[in-house]
Every structure is written in C-alpha cells, then in structure tokens.
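Q: Quick one: this structure, given as structure tokens, is what I'll be asking you about.
The values are calculated or read from the model by the stated rules, or taken from the named source; none is laboratory data. What you see is a predicted model; the values in this text were computed from it and never measured. Cβ sites come from the backbone with ideal geometry, for glycine too, and all protein chains shown count toward neighbours.
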Number of protein chains: 2
Amino acid sequence: MLSPYLLFLGDVVELAAAKTAAGILQWRPEFCVGQIRVAGGTVDLGLPEMTPQVAAQKGAKTMIIGIANAGGFIPDSWIPTLVAALEAGLDLAAGMHTRLADLPIIRDTAKRLGRTLHDVRQPTQTFPPGNGRKRPGLRLLTVGTDCAVGKKYAALAIEKSMRARGMKADFRATGQTGIFISGRGVAVDSVVADFISGAAEWLSPANEPDHWDVIEGQGTLFHPAYAGVTLGLIHGSQPDALVVCHEPVRRQLVGFDHYPVADLEECIAATTRAARLTNPKARAVGVAINTSRMTEAQIEDSIAQIERQTGLPCRDPIRHGMDRIVDHIQTIWPA
Amino acid sequence: MLSPYLLFLGDVVELAAAKTAAGILQWRPEFCVGQIRVAGGTVDLGLPEMTPQVAAQKGAKTMIIGIANAGGFIPDSWIPTLVAALEAGLDLAAGMHTRLADLPIIRDTAKRLGRTLHDVRQPTQTFPPGNGRKRPGLRLLTVGTDCAVGKKYAALAIEKSMRARGMKADFRATGQTGIFISGRGVAVDSVVADFISGAAEWLSPANEPDHWDVIEGQGTLFHPAYAGVTLGLIHGSQPDALVVCHEPVRRQLVGFDHYPVADLEECIAATTRAARLTNPKARAVGVAINTSRMTEAQIEDSIAQIERQTGLPCRDPIRHGMDRIVDHIQTIWPA
C-alpha cells in the first residue's frame, strides 16, 4: 500500500466506528494528509477535510476506508466518492468483509485507470496448517480480556519502546488496522479455520535469537464467538512473553452484554496455560490497561491493585507508554 | 447427495488413507454398492469391485472420493475415472481441499451431462459470528486427546444407542466423512476463522427440550495446529454433555511426533472448563476409547483404570457400543 493516505470516514456518527482511521492517525500521523466524509457523516479526526483531487495534489497515493460497520459491507452511498478517488489518481484500500474487487463499478474503474485495490481483510495467499515446531527468535503476543481493549496499541507501544532502546523489534499485524499501520501482516480472523496457527507461524518466522516479534493479539479465550481465533493465534505465535490487555471499568464484552469480562487473573492463567502447549517457557510479563474511561484516581488505584495482585508491571500504552513493561522484559531476557 | 454410492479408493495403499470410505461403509453399508480403484491402488474394503457403468446399472447414484491424501488434492491419474463416472450417469462427491468444480474437465463434463458435483469440504453458505445465547434442547459433543481418535464413531454410536431406546437424537456432522454418512452438516475446519462458533451454532439449532444433538467433535485443545477449530466448535455447540475420546496406547499426536498425546484427565478438565463459558452446566459423561491396536487384556485393564481415575463410564464405541454411557446420560437427564 502506497502512503500517504486520505482517510475515508463515510457516513459514520460515532468515533468507535472510525477506529481503523483513528488507529492509523494515532500511530502513523505522517502518513495522513486529510479526511473525507459523505453526507450524514459527523466523525471528525481533526485532519483537513479534502476532496480526492486535493489529496492527490498534496501527494496522497491511497484512500483508505477507515471505518468498520456491522457486517463489513460497503453501502451504495459511498460508491461515488470511491470512484472519484480512483479518478483522482488514488489507489483504494479497505479491510471490510465485502471486497472492493467484488463491486463491479469499482473493479472496472480501477482496471480502466490502472489503479490498485487493496482488500487487506482477505488473505492474498494460502497457508499450510501449523507445524508446532519451535522457531528461533523471541516473540511477544498481546492477549486480553475482551476485543477492542488495546492489544494493537500495546503491541505498537512495546515495539516503539524496544526500538528506542536499540532492541531489535518488529510489530506483526493480525488485523486490518494494524496492516494499514505497518504496511503488512495477515488478518487472522479471515483465514480458513484449519490454518489459523499456520498463518500465525508464517507471520513471525524464524529470526535472530535476540530479535523480538511483537505480535498483535485478537479477541480473548473468554469470547463466545472469537476464542477459536485467539487460541490458534496463541499456538502459532509460540510467545515467550504475554502482555495481557484489560479495561478495568468494562463489565461486559463489547457487543455481547450477556457475557461478563473475564477476571484478569483467570485470563492470565488460562492464556499462559494455552501458550505453554507450543512454548513451555511462555510467561506473562505485564498488564496493559485501557484507561480511556477512567479518572486519574481510578487509574492510580487500578494500577496499584493490579500490580499487587498479579506481581506484574501495569501501564496504559497510550497514557504511559510501555517502558516499564519493557524494563521488566529486559530483566528476564538480558541482551 | 443421492445414495447409493460407489466408493472411489484411488491409488492409495494404506487403509488409513481410505478412512472416509471406510467410515461410510461402517455406518451406512446399505448405501454402498461397490468400490473402484485406479492403477497402483491396493486398499480393499471388501466391496465388489465395479466400473461406474456397472455401479449405475446396480442403482448407484453418486461416486464418492472416499480417501484423504496430504494436501487434499486430486491427482491427474484419477481424472479419467471421475469423467467415466459422470458419463455413466453418476454424480460426484468429494471432501478434498481441491474442489471438483475447480477442475475444468470435471466441471465442463458435469455441466454438459447435467450431473451434480458435491464439494462437501467447502461450506455452501456463509455464517454469522456466534452469538453465545443459550438455545433450547440438549447437546452432546465428542471431544478428545487427538485427531482421528474416534470422535465421529463415538457420536454415531451414541445416536444409535439413544434412538434404539426411543430418545430423540440427531447426529450432527462437522467433517466430510460425517457429512457423507448423514447427508448433511458443515465442515467446520473449512469455514472462515471468525465464524467457527457461528457455524457450530447453526449446526445444532434450537430444538425440543428433550432432544439431543449428538455433535461430532474435531481435533483437540492440545493440538498445535487445530486447537482453534476445537475451541470454536466447543463454544458454538454449547454442550450439556461431553464424551471424551482417547486411544490409551497412542503416545504422540498423529503426524505430530514432537507432541505427546495429552493426559486424559487434563483433557477432561480443560475441555469442561472451556465448554462452561457458553454452558455453565457442561459436564463430562463418559470416555470413548479406541481399542483397535490393543489386546483383550489391555482393553480390560484400560477400562478399569480409566473408570477408576475419572469416575466416568468407559467403552469402545465399535467394540462395545455406547449403551453404558447413554445409561449414565439417562440417570443425569431422566426423560
């Protein structure tokens, strides 16, 4: 995917629905030249509003559909803007279940103009089943007590902290936003079920003994819909280190109000037990909390309580960064 | 899929490679009119050897590719026989990763002659994600300590025992052989990873309070490649009852010699714990052992030891049937 990007926000009215665009802007602001909405859209990321033509003049190469809607479909009301972007010289990228390439007018326009369509949700290759053989190199996987709790942000903040101190580290994306941010990866929730572990093994191949792959986790073992993806990703990643992501004030799973968020200590125990199947040395090394809906006093209490209960360092990747957790990692795996 | 069947055994030389055909013959002998091999094939199921023409004269409606090879592909050497079957008036069915419909000569011949191609490994529909809401009706899922350990046979034997005593019970197939035997189902290892639980929920829909869905399990939670499928199937099935399948003399996972078979009691505990996420009342109700490589003395010792250790009835579904386990089920859920 060529950067810079124009971020398409469609007609969404809640920031949560634009989390793909918000994530790209948070982690790769230098890639983002502007935003564009269609009628009805009210979400504002604070970027300059611009047409595809203006974005192209300012150097944009790709317009990214930066939103997620239920069902992952592309409504008709977006089509004119998508076509206009192609005509202005931009490629298109999306992480929806509906493929850009399956919409005839998009496919035909892109073909006529020589533009590229990136459907990052659909794997562009097939994978073998996992083989379970241990690979050289160190691996960290972020796991958690729910979806949308900060696993991608924690992994990106850990990569940033590791690189800042000269450690060899690469973020490995497993979802569409992470792929847009890092320019590569595989959407593990979209591979055929038999090959989840195989895709995870492919994503973090053999590497130097002191190199860290920092792998974006997905879902939770305690999710009634998605735990299978989580388990396959854990097994294929063979993590040495687990960072457990948690929102202390969340009570129910997002979108599954009939399921409580798992107990943090139970989640740490279950995830570590699962990881030890393919890496007997797997261990939890920190807790990354999402404090976006908490007061300062709540945050302080929560960190103190979690550190006491788990014996692990606890920080918010956005508010505090992950230095404290990477310090702890360096005591366990000295260079 | 229309029965009766002609079973295609290809060029395989080991009975294990013909397990799909062997399973169909074991459970639906009345559907099987004959077998056919190509040059090099030595596996013999004891059925009359016949050409597609003769099979069609004897009433066969479908030729089933009854074998599994590594990679799930269809070699060129099979093609003439597959075309001959279509020309003799038979439909074709297969459970390979390669689709019959993706082979031009097969597709074109079938189209020209009006025959139907059944690729049962590929889901013919899409599924929503699981919703985790409890459905009426009772559900039994077979789980186990490895792949290819007897989960399908145990489920079929339980359905048979339940029906023989007038209980309402339906076998629910989750793999290709089970689909050929029961004529319906979904190959859960072939759905997109995000929808494993959703497919399992679809497979055993709401039913009468005293009706049992007896669901064929897949893999094991202790498998480095396939545990994600196992966990999604457990969560979507919401089993009330778990029957744990085990081969006492197996030491390593089939095809994964670097992984030991899990301890039976650990497997019962882990599987029950996982199942309780979506059905807090889930419990293990029996152990189904595979005794195909054991002596009479070993079998007797093994059953005594497992029953003592687990407190659950233990039997071989092929050798003893599952009556003892269904007796136990009836004490827990009296009609």
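Q: I need the full set of residues from the range A:71-106 which are hydroxyl-bearing (Ser, Thr, Tyr) and over 11 Å from A:Phe8 (Cβ atoms), in order please.
A: Matches in the range A:71-106: A:Ser77, A:Thr98.
Q: Give the range A:267-278 a look and list any residue that's surrounded by fewer than 20 Cβ atoms within 10 Å (Cβ to Cβ) and more than 10 Å from every other protein chain (Cβ to nearest Cβ), or say none.
A: A:Ala269, A:Thr272, A:Arg276
Q: Name the residues in the range B:151-185 that are in contact with a strand residue (DSSP E or B) (Cβ under 8 Å, 6 or more places away or on another chain) and at positive phi, would you?
A: B:Gly185
Q: Would it be correct to say that B:Thr142 is surrounded by 22 or more Cβ atoms within 10 Å (Cβ to Cβ) and either more than 15 Å from the chain's Cα centre (by Cα) or in a loop (DSSP other than H, G, I, E, B) (or both)?
A: no
Q: Considering each of A:Pro313, A:Pro239, A:Pro260 in turn, give the residue that is touching a residue at least 12 places away in the same chain (Cβ under 8 Å), out of contact with any Ser or Thr (no Cβ under 8 Å at 6 or more places or on another chain) and closer than 30 Å to B:Ala199 by Cα.
A: Exactly one residue qualifies, and that residue is A:Pro239.
Q: Now, a different point. Residues that are modelled with pLDDT of 95 or more and among the basic types (Lys, Arg), at least 1 per element: which strands (runs of 3 or more DSSP E) completely within the range B:1-75 meet that?
A: B:32-37
Q: Go through the range A:70-92 and give me each residue that's touching a helix residue (DSSP H, G or I) at 6+ places or on another chain (Cβ under 7 Å) and crowded, with 16+ Cβ neighbours inside 10 Å.
A: A:Leu82, A:Val83, A:Ala84, A:Ala85, A:Leu86, A:Ala88, A:Gly89, A:Leu90, A:Leu92
For (1) under 30 Å from B:Thr295 (Cβ atoms); (2) in contact (Cβ under 8 Å) with a residue 24 or more places away in the chain; (3) away from chain A (no Cβ under 14 Å); (4) assigned to a strand (DSSP E or B), each residue gets a yes or a no:
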site: B:Asp194; (1), (2), (3), (4): no, yes, no, no
site: B:Ser197; (1), (2), (3), (4): no, yes, no, no
site: B:Pro205; (1), (2), (3), (4): no, yes, yes, no
site: B:Asp213; (1), (2), (3), (4): no, yes, yes, yes
site: B:Gln218; (1), (2), (3), (4): yes, yes, no, no
site: B:His223; (1), (2), (3), (4): yes, yes, no, no
site: B:Thr230; (1), (2), (3), (4): no, yes, no, no
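Q: I'd like to check something: does the range A:18-29 contain any residue that is farther than 19 Å from A:Gly178 by Cα and either surrounded by fewer than 20 Cβ atoms within 10 Å (Cβ to Cβ) or of a type in the set (A, V, I, L, M) (or both)? So that I can check it myself, show each step before the final result.
A: Step one: list which residues in the range A:18-29 are farther than 19 Å from A:Gly178 by Cα, which gives none.
The answer is no, given that none of the residues of the range A:18-29 is farther than 19 Å from A:Gly178 by Cα and either surrounded by fewer than 20 Cβ atoms within 10 Å (Cβ to Cβ) or of a type in the set (A, V, I, L, M) (or both).
Q: Filter the range A:107-139 down to residues that are surrounded by 14 or more Cβ atoms within 10 Å (Cβ to Cβ), more than 14 Å from chain B (Cβ to nearest Cβ) and closer than 29 Å to B:His258 by Cβ, then give me how many there are.
A: Looking only at that region, the number is 3.
Q: Moving to a separate point now. What about A:Ala297, is it more than 10 Å from every other protein chain (Cβ to nearest Cβ), among the small types (Gly, Ala, Ser) and under 23 Å from A:Leu138 (Cβ atoms)? Before you say what the answer is, go through the steps one by one.
A: Details: more than 10 Å from every other protein chain (Cβ to nearest Cβ): yes; among the small types (Gly, Ala, Ser): yes; under 23 Å from A:Leu138 (Cβ atoms): no.
It is false that A:Ala297 is more than 10 Å from every other protein chain (Cβ to nearest Cβ), among the small types (Gly, Ala, Ser) and under 23 Å from A:Leu138 (Cβ atoms).
Q: Could you tell me how many of the residues in the range A:232-266 are surrounded by fewer than 24 Cβ atoms within 10 Å (Cβ to Cβ) and more than 8 Å from every other protein chain (Cβ to nearest Cβ)?
A: 17
Q: Could you please find all residues in the range B:314-335 being over 22 Å from the mean Cα position of the chain (by Cα) and in a loop (DSSP other than H, G, I, E, B)?
A: Passing the criteria: B:Trp333, B:Pro334, B:Ala335.
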